[in-house]
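To start, the structure under review is shown below, and the notes come after it.
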Amino acid sequence: MSNRVRISSLFAFMAILLVTVGVVQSPSLALAILNLCLISAIMALGINIQWGYAGLLNVGIMGFAALGGVAAVLVSKEPVAETIALGAPGLLAALLVAAVTIALIVWVYKSMKGRLRSVLVTLIVVAGFFTARHFFDPAVEAIESTDSAATGYLGGLGLPIIFSWLVGGLFAGGAAWLIGKVSLGLRSDYLAIATLGISEIIIAVLKNEDWLTRGVKNVTGLPRPYPVPYEVEIQQSPAFQSWATYFGMDVVELSSIVVKLAYSGLFAVVLLIILLLCESALRSPWGRMMRAIRDNETAAEAMGKDVKGRHLQVFILGSAVVGIAGAMLTTLDGQFTPGTYNPLRFTFLIWAMVIIGGSGNNWGAVLGGFLVWFFWVEAEPVGLWFIDLVTSGMDETNPLRLHLLSSAAYMRLMAMGIIMLLVLRFAPKGLIPESRR
């Protein structure tokens, strides 16, 4: 079977699964799964850029996704005038002190040597830290104490939320630059530990810094991107009500389908753009160079390639794609909830998508995003149906039957394990393996 036919067949199978859910369960549920599959595919593409192109083991995925979520808040929410008036001067003063401190440290490092340099840097760091806290702490206290049940944070810029998708990529890419400068010289296992630790730090900061994103109080009511409508608005339209009557559907159900279709269109456009860019990069001289570095760093370095520089480049690109997906996910949810970012759980899922789909193959990463998320969502209801069918001959109050039915939620973990075992056994390079040219 040719590679093109294989790809077409697997995506056709995925489409059949989604259509089956739409027929058996509901079209609205099928579209909800589709939207999350599209976002998952974008995240998988980001990790495939890092691992499939360059062999970088990043397990800090949720930290970069959370930065994308922060971007959605800071771009789309209206500014809170009262908290800005109370806290902005102190925050700006603290930021200025931090900038001066960094500038002094850089100047000392460039102009001095020896023990005197170490002593001066230590004094500058200590003085800068306490001076910045002198302005920062009162400002934060004033912001968080201002109507904390409703606001208690600075708000955002009040811009269309779709801009946050690009800003989320910039936030994640900037964080990746800082992380890469420190940790990309480490061995792969140490790099994994470093990225996981930094991801936990990012999420912990977002949970506790209420002045920025309300912390665990969450930010709700994020606006929708154009042209996604609100269900209530289209339900009140006489034309829409006549369409619902024509199709023989409930107005509420049809409005939900229309909204989800609008999201699907936006997400599909973003996915296709990123996929085309990834495919162009992979087939370019840059892509061949990255795979050469991945396969043999020593030989590539001997040929004059800047291995560490290229690693930093690809780490930033992959993280930026994850940040875009994180902003899209928060946009779809309509709220930013830092407590839902579970680094270990969802990092495993994204890595499963890349491995099952096919590491090093962009189409494989997209397929893995669709397949893994579909079975992650559908494993529980399918497992419940299967257990109910198997135990249908038992009494309704049978303890074994009740125990099995209550354990249906764990079927998704079992399903992920079985899928990974089958793929690793029969397709160790993934369902759509990397093509060697």
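Rundown of residues vs (1) β-branched (V, I, T); (2) open to solvent by 40 Å² or more (accessible area, probe 1.4 Å), yes/no style:
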site: V59; (1), (2): yes, no
site: S76; (1), (2): no, no
site: T101; (1), (2): yes, no
site: L104; (1), (2): no, yes
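Quick check on this structure: which one of L45, L57 is at pLDDT 95 or above and not acidic (D, E)? The conditions single out L45. Here W373, W363, W351 are screened, and the one residue that is open to solvent by 10 Å² or more (accessible area, probe 1.4 Å), part of a helix (DSSP H, G or I) and farther than 29 Å from V219 by Cα is W363.
Does any residue of segment 106-128 turn out to be buried (at least 18 other Cβ atoms within 10 Å of the Cβ) and within 24 Å of I202 (Cβ to Cβ)? Within segment 106-128, one or more residues are buried (at least 18 other Cβ atoms within 10 Å of the Cβ) and within 24 Å of I202 (Cβ to Cβ). Among the residues of segment 270-291, those that are free of Cβ contacts under 8 Å to residues at least 60 places away in the same chain, open to solvent by less than 80 Å² (accessible area, probe 1.4 Å) and not small (G, A, S) comprise W286, M289.
When segment 207-240 is examined, which residues are found to be among the hydrophobic types (A, V, I, L, M, F, W, C) and in contact (Cβ under 8 Å) with a residue 40 or more places away in the chain? W211, L212, V216, V219, L222 - these are the residues of segment 207-240 that are among the hydrophobic types (A, V, I, L, M, F, W, C) and in contact (Cβ under 8 Å) with a residue 40 or more places away in the chain. Annotation: S145 fulfils all but one of (1) in contact with a Gly (Cβ under 9 Å, 6 or more places away or on another chain); (2) surrounded by 15 or more Cβ atoms within 10 Å (Cβ to Cβ); the unmet one is (2).
When segment 187-201 is filtered for residues that are in contact with a Ser or Thr (Cβ under 6 Å, 6 or more places away or on another chain) and either open to solvent by 70 Å² or more (accessible area, probe 1.4 Å) or not small (G, A, S) (or both), only L191 remains. Considering only residues in segment 402-436 that are free of Cβ contacts under 8 Å to residues at least 12 places away in the same chain and of a type in the set (K, R), the one that is nearest to M353 (Cα to Cα) turns out to be R425.
Taking the criterion of being among the charged types (D, E, K, R) and either surrounded by fewer than 15 Cβ atoms within 10 Å (Cβ to Cβ) or on the phi > 0 side of the Ramachandran plot (or both), the only residue of segment 202-230 that qualifies is R214.
When only residues in segment 395-437 that are in contact with a Ser or Thr (Cβ under 8 Å, 6 or more places away or on another chain) and not in a loop (DSSP other than H, G, I, E, B) count, which is surrounded by the fewest Cβ atoms within 10 Å (Cβ to Cβ)? Across segment 395-437, the extreme among qualifying residues is L400.
The single condition among (1) open to solvent by less than 60 Å² (accessible area, probe 1.4 Å); (2) in the same structural domain as M43 (by TED's automatic domain parsing) that L170 does not satisfy is (1). So, I16, is that one over 30 Å from T220 (Cβ atoms), in contact with a Cys (Cβ under 8 Å, 6 or more places away or on another chain) and either at pLDDT 90 or above or open to solvent by less than 50 Å² (accessible area, probe 1.4 Å) (or both) or not? Spelling it out, it is not the case that I16 is over 30 Å from T220 (Cβ atoms), in contact with a Cys (Cβ under 8 Å, 6 or more places away or on another chain) and either at pLDDT 90 or above or open to solvent by less than 50 Å² (accessible area, probe 1.4 Å) (or both). For segment 245-259, the set of residues classified as touching a Pro at 6+ places or on another chain (Cβ under 9 Å), of a type outside the set (S, T, N, Q) and open to solvent by less than 40 Å² (accessible area, probe 1.4 Å) consists of I257, V259, listed by residue number.
In segment 292-311, is there at least one residue being free of Cβ contacts under 8 Å to residues at least 24 places away in the same chain, loosely packed, with under 14 Cβ neighbours inside 10 Å, among the hydroxyl-bearing types (S, T, Y) and not in a helix (DSSP H, G or I)? No, segment 292-311 contains no residue that is free of Cβ contacts under 8 Å to residues at least 24 places away in the same chain, loosely packed, with under 14 Cβ neighbours inside 10 Å, among the hydroxyl-bearing types (S, T, Y) and not in a helix (DSSP H, G or I).
The values are calculated or read from the model by the stated rules, or taken from the named source; none is laboratory data. Every value quoted in this text rests on a predicted model; they were computed, and no experiment measured them. Counting neighbours? That spans all protein chains shown, and the Cβs are built from the backbone with ideal geometry, glycine included. When the accessible area is computed, the model is the full protein with side chains, heavy atoms only, and any ligands, DNA or RNA have been set aside. Shrake-Rupley method; radii C 1.70, N 1.55, O 1.52, S 1.80 Å.
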